Structures are given as structure tokens and as C-alpha cells.
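The values are calculated or read from the model by the stated rules, or taken from the named source; none is laboratory data. All of these numbers come straight from a predicted model, not from anything done at the bench. Don't worry about glycine lacking a Cβ; one is built from the backbone with ideal geometry, like all the others, and counts go over all protein chains shown. Accessible surface areas use protein heavy atoms only, side chains included; no ligands, DNA or RNA. Shrake-Rupley method; radii C 1.70, N 1.55, O 1.52, S 1.80 Å.
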Amino acid sequence: MPLAETFDYVWSDEGPAPMPGCRVAVPFGRSRRVGLVIESAGGSDVPKDRLKAVLEPLDREPLVGGELLATLRWAADYYHHPIGEVVRHAIPGLLRKGRPSTPTAEPAWRLATAAREEARTSAGARARRQALALERLASGPATSAELRRAGVTRAVLTRLVEKGMIERLEGGSAPAGNATPAAPDRGPVSAEPPPELTPDQARVLEAIAVRAPGYAAFLLHGVTGSGKTEVFLRLISEQLAAARQTLLLVPEIGLTPQLVARLRARLGDRLAIVHSGLGDAERLDAWRRARSGEAGVVVGTRSAVFAELAAPGLVIVDEEHDLSYKQQQGFRYSARDVAVVRARRLGIPIVLASATPSLESVHNARTGRYRRLEMPSRIGAGGQPRVVLVDLNRHAARGVLSTPLVAAVERHLSAGQQVLLFLNRRGFAPVLFCPTCRDVEQCGRCDARLTVHAGRAELRCHHCGAAKPLRFGCARCGSERIAVGAGTERVTQELQALFPERRIGRLDRDATARKGALDSVLADVQSGATRILVGTQMLTKGHDFPNVTLVGVLNADQGLFGTELRSDERLAQTIVQVAGRAGRRDTPGEVLIQTHYPEHPLLARLLTHGYAAFAELALEERRRAGWPPHSHLALWRAEAAQRGAVFALLERVAAESREATESVEVLGPAPDPMERKAGRFRGRLLLRSSSRPPLHALLARLVGACRTWPESRRARWSIDVDPVDT
Ligand code: ADP
Ligand code: ZN
Ligand code: ZN
């Protein structure tokens, strides 16, 4: 694995062929590979004498169960992506390499480091069975089952563990018994009783209970701080009590340590956590705990939607509007959409929750596909924050900090509160400009400017990662160049000059690149040590900082005139989400939004009528213009070192599409908004249709045909179904 397509093999052994979802060892070229059985067929298009035989089965039970395999096959079809690469997302790397799928009830063992030498030299002096175990383990790790077959009992293993001679692999604890979902011996670690439900929470839980069990999709639209997480905790507890598992998808694990802590405190250890930062062994361990049912809750980012579960009872997608649910390269799936499909197949309820639901989900709620649940008020006595626009045309500003904003920061700090400032741009300044020859420093490989990073004294490209030393002297004319505009680094510096006594933190990808840095930035805000936190989009993600009472949006204009389909939606979500960090307890919050366009209809609508009203208006605009969710899109992307190769392919796709059907509108081809990136040219063709079937039929046909075109060999191409960045 991975395979780009499926291959046929024969099963020449006696006995039944391995079931779909099982791994097998197969000959592939001259090597031996691990494959996954996708289908057991009666025949093959490959001539009999050219079919090779399966070497050996690797699983007795399917690694990927019937439901999950069906979901994966559906996803491969829907996203027009090779099944081999799709399946990869559901199987941990170690299993793809052939590691036994042994659940944690069947732990694996190895020699303890300290014991390795000793084991080799003095094995003869030990009891025979212990010697047997050490001998076996000296040649590599083994599972309990394998050791048992070699005559080593559990008692022997226990003795060896006590002596420190062997240790359990994959960081597990003691040998577990037969794990069942919600094993009752692992209770919650906190004795704190759950809070009494608010009427809103009780109503929402009641509405969900009425429909469950069985498939039903709910859109939980609850303002920030309305108690959505508490609703999740109750739902999960109910599932645990019924010995069923919950799959909880979250946008980014690193940004939600509080959520994980709350789950732990309430539910104890019955958690498996899945995210991209896991090592191979941790990932396998989480996979096993989910599959065996030992984990009652599987919390994870995007790829966790493909977790194999023993007894699934509920799916929750938190912050369902978050774009990180959409994979932006390779297999471009939407974990939120796959989650809905999976829940339906499993016949279990799914809850999509957000304070700023995506327009797609709002639309689905309007058409009755989702049931809408509302939690319109905050828990704390502080109520909704007061939002004020600061007109940058009328107020003096020092850098990006206007006088009213600085005054507000001062006021909140003196009252002992904390402040969050949002600016969606990292680095010191986005432009390095020569006032004499008017040159702006560009990336040599991208259509983009280089960003000034003062701390590391570098100029960096945020698109390809290229970096070079920062020099202010102009290479063309020798004049002193100036850094224009501001990123988070510069704002932090300016604030420090204004408030030299206050501790100021920064939350962006640069400040949190070091391992552990993110946790410490967040912990310092939580403890109150950091008084002002400046940050990018990372600030918007569900944090619950109790003492933040002022939120400043430094530059709302960045998003106001975006040309992409979703610019408005994204800006509205960002503003509402950052604003939601203010006044989460009993002190009322205040939000200042700096803009040059205080009359802009989007801002006006959002601030006077709220997100739901904004969403209604935006959906109406999309309907009039025929954009999703009132139509369906696929983006055909291409890239190559030559611009000509990109457009030759896209022109052909366009021509064949127009020829093939009139039900699909062909828009383009056009260059990407940033045409050259990392030295390669990029273009796109947009396909739009008022219904899905003709669009998917066309894609299926083109994907097959295009592999035979000479044009497709000179450019790399991919298909993006339901793209989010058009
Ligand atoms: P959301 O997830 O909607 O932002 P949370 O569930 O985090 O909201 O709730 C906001 C705050 O209110 C949290 O500190 C939480 O502990 C508290 N809270 C939630 N539900 C209740 C309740 N029923 N009674 C008292 N406090 C609650
Ligand atoms: Zn110059
Ligand atoms: Zn670049």
C-alpha cells in the first residue's frame, strides 16, 4: 500500500478466500507487498495465466469492517479518487506495513533495554519458561498470543515485567482484560457533578433523544458560550451508559486542550485521541482502542472520520463550519460530509454544531435534511458582547492601533481583565518596499511578496516556504528599504512599547512552531500571566478564556472585498468567532472592529441582526447567482512547470465536457489566483451543475478518458469535488 488502483489476485489455497477488508501479502513486481482485499469476485478481466496468487492472508477478521469499507468505496466514487489512496486514510501506517492488528487485549512485548544484554548472557540460569520468553523476544517483539503459542503463559510475562526484563510495546498500560465499550472500572477522574442543565440545553437534549436511535442529522446552532460542549458531554455519557461509542470530530486538537481536559475530567480514561501529530505507535494504539471498543469516545481531527468503531452510537462534529475539515491536497474529502454519510449508513444520529454554521448546513436545515436546534443565549451573566465599529477614516492610528482601541485596551487592563487582538497576518510586515526605485521584494518562485520576519531577520515566502536573510539595503539602487504594513509580530512590538509593564503573548504559526510552545502560550493566557494576546486565525478556535473582556479585530477590511465565493461567509464567521472570546463569564464583553468601511452591508447586517440573518441574506445572494448550495461544483486543477501544458490539458477537459453534456456548465479554464507557486504554474477549470448526477457522470467519464490523453502526461491534475476555495 498505497495503491492507485485495484489489482486482481487469485486465492489458490484450500478454504474460503479472505473476506473484503482483510489484509493479504501479495507478490507485486519483484517484491512482496501488503494489500487490502476490496472485493471478492468470481472472475477477472486479467487472463488466467497472468494472474498471480495471494501469498498469505494477514488477518482472520476484516481490518476494515463492512460499513467502513462501504463508506470508503463511496468516498472514492464521490471524490473520484483512487480507492487505494482513500483506504490509506483509514489504516494506520504500521498496519499498512503488516503489523498485527492485535487489539490492546492482546498486548505485544519486547525486552526492556536494560535487560537486553543480560537476557542474552544469563538466560540459562532462569526458569525454563522465562528463558523461552526471553529467547523469543531477543529476536524481536511478539504479541501475547504468539508467546502463548510458544508456551509462555501470562504468569511468566507478569514475572518478567516485575523483574524489569520485558516491557509492553506501544505505551499501553498493564495487560487489559477483554475490553468492552464503557468498561465500568474506569470511572471519571473528577468527582465534580455536572452542572444543572439550562432550559435550552434540556430542550436540545430532549429533541435529540426523541429521534434517537436511528439516523437523524441535527444542526446545533448555539452562540459561543451557550453550553454546546456541555450538551456533547451529556450525549457522550448517555452513549457510554448504553455501552456505545461516540465519534467526536474537532477542527484542531492542539487548539482545544481545554476540550480534551473537560472530556477527561468528566469521562475518565475512556478516550482515544486521533490527530496528525501522533507517532506511528500512538496512532496504532488509538486505532486498536477504538476498534476494540475500549475507547468509549474517539476524539479526532479530520481523518478520525474513518476510525473503525466497535459499537458506534453517535457522531458529533464540533465547529462544523471549520475549513480544516476539508482536506486540501491529495484525497480532497470533507470530513464533515463523510461523517454525515457514515452516520446514515450506521443508522445513528449525528450532531453538527457551530456558532457560525456553514451556509451549506444552514441550507440543509432549511430544506429539512437537518433538524435545526438553537441555543441563542449565553450561560454567563455577562450576556452578548457589545460590538462597536471603529471608523479608521475618522480616528488617528498609530500603526494599526487606533486611538479608541488603545484607550479600550488600557481600560480593560486596568480593570484587571485580559485582551485579545486579532490580525490575520503573521510576520512583521507583508511588504518590503524601496521608496527610491519603488521595487517590492517578490518570491522568485511564486507570484507573491516576501514577508518580513524581524525576529529571525528573514524574508520569507508564506506560499513555498523559501527564506533568505533580511537586508534593508535595496539590491537595485542601494537605498534603505522600508517595511510596509503590519503582521502579528509588529503589532506585538508596538503594543509592548505602549504597555511596557504588561506581558504580551503571540498566537500564530511562527510563535507556536516549537514543540510545546502552543501549550505554553495557551497556558499563560489561561493562568492570567499573559494580559494581551495577539493572534491570527488560531485565536478563533473555540478557546474559553474566562478573563478576556475585550476583543479587537485590527483589520476587518482584509476580508471585505474578497473575490472568492466564500469570502463573505468566512469573514462573518471569523468576526463572530473572535468576538465570541469576549466576556465568557459574568463581566460583559466588548468587541472593537477596525475598518475603513463602516457602512459595508455585510458588517452592518452582521452587527445589527446577527449571524443567522447574515446567513439568510448570503444564501439568497447565492441562490440568485446560482452558486452552492444552490448548485454543485467540481474544480479540475492542473499544474506544470510550463504554463502551456497546464492550459493544454484544461482546454481539452473543457472541450470534452462541453461535448459530453449540456447539464454541466463549464467555467474557464483560468489561472489560479496565485498562478505561479514554488516554480510551477497552476490553473483551474470550474464545472457547475444544478444537480449532482450529471456532474458526477461527467467526472467519472473524464477521469477514465483523460489518462489516455497525451495532455494529461505533461501536467499534474486533480479533481476537487465541493471545493471550498473557489
Ligand atoms: P460552548 O461550547 O457553546 O462555547 P460551553 O459548553 O463551553 O459553551 O459553556 C460555556 C461555559 O458555561 C463553560 O465554562 C461551561 O462550563 C459553562 N456551562 C455550560 N453549561 C452549563 C450549565 N448548564 N450550568 C452552568 N454552567 C454551564
Ligand atoms: Zn531601490
Ligand atoms: Zn514562494
Quick check: is even one residue across the range 475-485 open to solvent by less than 80 Å² (accessible area, probe 1.4 Å), within 16 Å of ligand 3 (Cβ to nearest atom) and closer than 20 Å to ARG438 by Cα? no
Counting only residues that are open to solvent by 50 Å² or more (accessible area, probe 1.4 Å) and either more than 21 Å from GLU656 (Cβ to Cβ) or within 16 Å of ligand 1 (Cβ to nearest atom) (or both), the range 669-687 contains a total of 4
Residue pairs meeting the criteria (Cβ under 7 Å; at least 6 apart or on separate chains; first farther than 23 Å from PHE681 by Cα, in the range 646-669; second open to solvent by 20 Å² or more (accessible area, probe 1.4 Å) and assigned to a helix (DSSP H, G or I)): ALA660/ARG701; THR661/PRO694; SER663/PRO694; VAL664/PRO694
For the range 45-63, what are the residues that are out of contact with any strand residue (DSSP E or B) (no Cβ under 8 Å at 6 or more places or on another chain) and either surrounded by 10 or more Cβ atoms within 10 Å (Cβ to Cβ) or part of a loop (DSSP other than H, G, I, E, B) (or both)? ASP45, VAL46, PRO47, ARG60, GLU61, PRO62
Which numbered condition SER358 misses (of (1) away from ligand 1 (no atom under 16 Å from the Cβ); (2) open to solvent by less than 10 Å² (accessible area, probe 1.4 Å); (3) touching a Phe, Trp or Tyr at 6+ places or on another chain (Cβ under 7 Å)): (3)
ALA17 vs. criteria among the small types (Gly, Ala, Ser), part of a loop (DSSP other than H, G, I, E, B), surrounded by fewer than 18 Cβ atoms within 10 Å (Cβ to Cβ) and touching a Ser or Thr at 6+ places or on another chain (Cβ under 9 Å): yes
Residue satisfying all of: in the range 205-235; among the hydrophobic types (A, V, I, L, M, F, W, C) and assigned to a strand (DSSP E or B); farthest from the chain's Cα centre (by Cα) among these: ALA216
Inside the range 550-591, can you point out the residues that are farther than 27 Å from HIS632 by Cα, open to solvent by 10 Å² or more (accessible area, probe 1.4 Å) and in contact with a His (Cβ under 6 Å, 6 or more places away or on another chain)? ASP557
In this structure, is ARG378 assigned to a loop (DSSP other than H, G, I, E, B), away from ligand 3 (no atom under 16 Å from the Cβ) and either of a type outside the set (S, T, N, Q) or on the phi > 0 side of the Ramachandran plot (or both)? yes
Restricting to the range 515-567, give me the number of residues that are assigned to a helix (DSSP H, G or I) and more than 16 Å from ligand 1 (Cβ to nearest atom). 15
Of the residues that make up the range 65-76, is at least one open to solvent by 40 Å² or more (accessible area, probe 1.4 Å), among the small types (Gly, Ala, Ser) and more than 24 Å from the chain's Cα centre (by Cα)? yes
Identify, by number, the condition in (1) polar (S, T, N, Q); (2) open to solvent by 50 Å² or more (accessible area, probe 1.4 Å); (3) part of a strand (DSSP E or B) that GLN594 doesn't meet. (2)
Can you confirm whether the range 573-585 contains a residue that is more than 16 Å from ligand 2 (Cβ to nearest atom), hydrophobic (A, V, I, L, M, F, W, C), in contact with a helix residue (DSSP H, G or I) (Cβ under 8 Å, 6 or more places away or on another chain) and more than 30 Å from SER377 (Cβ to Cβ)? no
Quick one: in the range 448-461, which of the residues that are assigned to a loop (DSSP other than H, G, I, E, B) and touching a Cys at 6+ places or on another chain (Cβ under 9 Å) is farthest from ligand 3 (Cβ to nearest atom)? LEU450
Considering (1) open to solvent by 70 Å² or more (accessible area, probe 1.4 Å); (2) assigned to a strand (DSSP E or B); (3) within 16 Å of ligand 3 (Cβ to nearest atom), say which one ARG445 fails and leave the rest. (2)
Single residue of the range 77-130 satisfying the filter (among the hydroxyl-bearing types (Ser, Thr, Tyr) and modelled with pLDDT under 85) that is nearest to ASP59 (Cα to Cα): SER101
What about VAL390, is it of a type in the set (Val, Ile, Thr), crowded, with 20+ Cβ neighbours inside 10 Å and within 16 Å of ligand 2 (Cβ to nearest atom)? no
What is the one condition in (1) touching a helix residue (DSSP H, G or I) at 6+ places or on another chain (Cβ under 6 Å); (2) part of a helix (DSSP H, G or I); (3) open to solvent by less than 30 Å² (accessible area, probe 1.4 Å) that THR512 does not satisfy? (2)
